[in-house]
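Here, each number is a calculation from the coordinates, and none is a lab measurement. From a predicted model like this one, the values you see are computed outputs, not experimental measurements. Heads up, the Cβs are rebuilt from the backbone with ideal geometry, glycines too, and the neighbour counts pull from every protein chain shown.
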Amino acid sequence: MSIELLFEQIQSLLGGHNPRTLIGIVGKPGAGKSTVVEQIQSKYQSHEVSIIPMDGFHLSNEELISLGRRERKGAPETFDVEGFTSLIKSVKIDHSVDHKFPIFHREIEASIADEGMVPKESKVVVIEGNYLFSEAHGWNGIYQLLDHTWFIEIDDEIRIERLIARHVRYGKTREEAEAWSRGSDETNARFIELTANRAENRINLA
């Protein structure tokens, strides 16, 4: 399916009677979630269509070190799942206030609190991340809150090469980037693939 079908869905929802609709977009690491989000942001006003990236809920490096999970950063058990689920529930239920949330910055490997916001007038909220459809590691509260679901499909080798390039761009050597992309990231990718069948729609970016 084309990304144009996602745009058509969003456009239809903006013209509908529902006060707010939540759309979940899932993809493996490097699949192109950020690219899809950028296209949405360039097409719609932020007060109409808001974006919530799951990445803002990464646990801090300090906390991951204390938990012994630093080398698994990005895995399903390395996020503040409870905080993320609480935000999505609030966004779903309460349309009377603006909802703020943290945004993750790769250049500093950390999240900045309250940098993102869902304005109270937003009719469509797009939530993007790896584990929105998962039932494991405490993620089971998210899927039931989503009104529509999309999964990004892309050739795995293209995806991995893009992932390696991204890791290099943010400071890893080529060797480190390849080891992480084909190791930890690929373990996560296989986990995400198991949830793909829960999506009602696909976006093919290959």
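Sort the following peptides by mean Cβ neighbour count (other Cβ atoms within 10 Å, averaged over residues), highest first: 142-151, 39-48, 55-64.
142-151, 55-64, 39-48
Points 7 angstrom from Cα along the Cβ direction at His95 and Glu8: gap in nanometres?
Distance between label points: 2.5 nm.
For Asp114 and Ser34, what does the FRET efficiency come to when R0 = 22 Å and r is the distance between their Cβ atoms, rounded to the nearest 0.05?
For Asp114 and Ser34, the calculated efficiency is 0.60.
Which one, Phe7, Ile103, Thr21, is farthest towards the positive end of the dipole of the range 3-201 when Lys and Arg carry +1 and Asp and Glu -1 on their Cβ?
Comparing the listed Cα positions along the dipole, Thr21 ranks first.
Between the helical axis of 3-14 and the dominant principal axis of the chain, each derived from Cα atoms, what acute angle in degrees is found, rounded to the nearest 10?
40
Report the convex hull volume per residue for the chain, counting only C-alpha atoms, in Å³.
Values: hull volume 23.5 nm³, N = 206.
So the per-residue hull volume is 114 Å³.
Which cross-chain or sequence-distant (5 or more) residues have an amide H under 5 Å from the amide H of Leu59, H modelled 1.01 Å from N in plane?
For Leu59, whose amide H was placed from the backbone, the distant partners under 5 Å are Phe79, Asp80.
Would you order Phe133, Phe191 from fewest to most other beta-carbon atoms within 10 Å of each residue's own beta-carbon?
Phe191, Phe133
As I understand it, the dipole of the range 3-201 uses +1 on the Cβ of Lys and Arg and -1 on the Cβ of Asp and Glu, about the Cα centre. Which of Ile93, Gly129, Ala199 lies farthest toward its positive end?
Positive-most Cα among the choices belongs to Ile93.
From the phi of every residue in the range 49-61, what ³J(HN,Hα) in whole Hz does the Karplus formula 6.51 cos²θ - 1.76 cosθ + 1.60 yield, where θ is phi - 60° and glycine or proline is x?
For the range 49-61, the Karplus curve yields 10, 9, 10, 10, x, 4, 4, x, 9, 3, 5, 5, 4 Hz.
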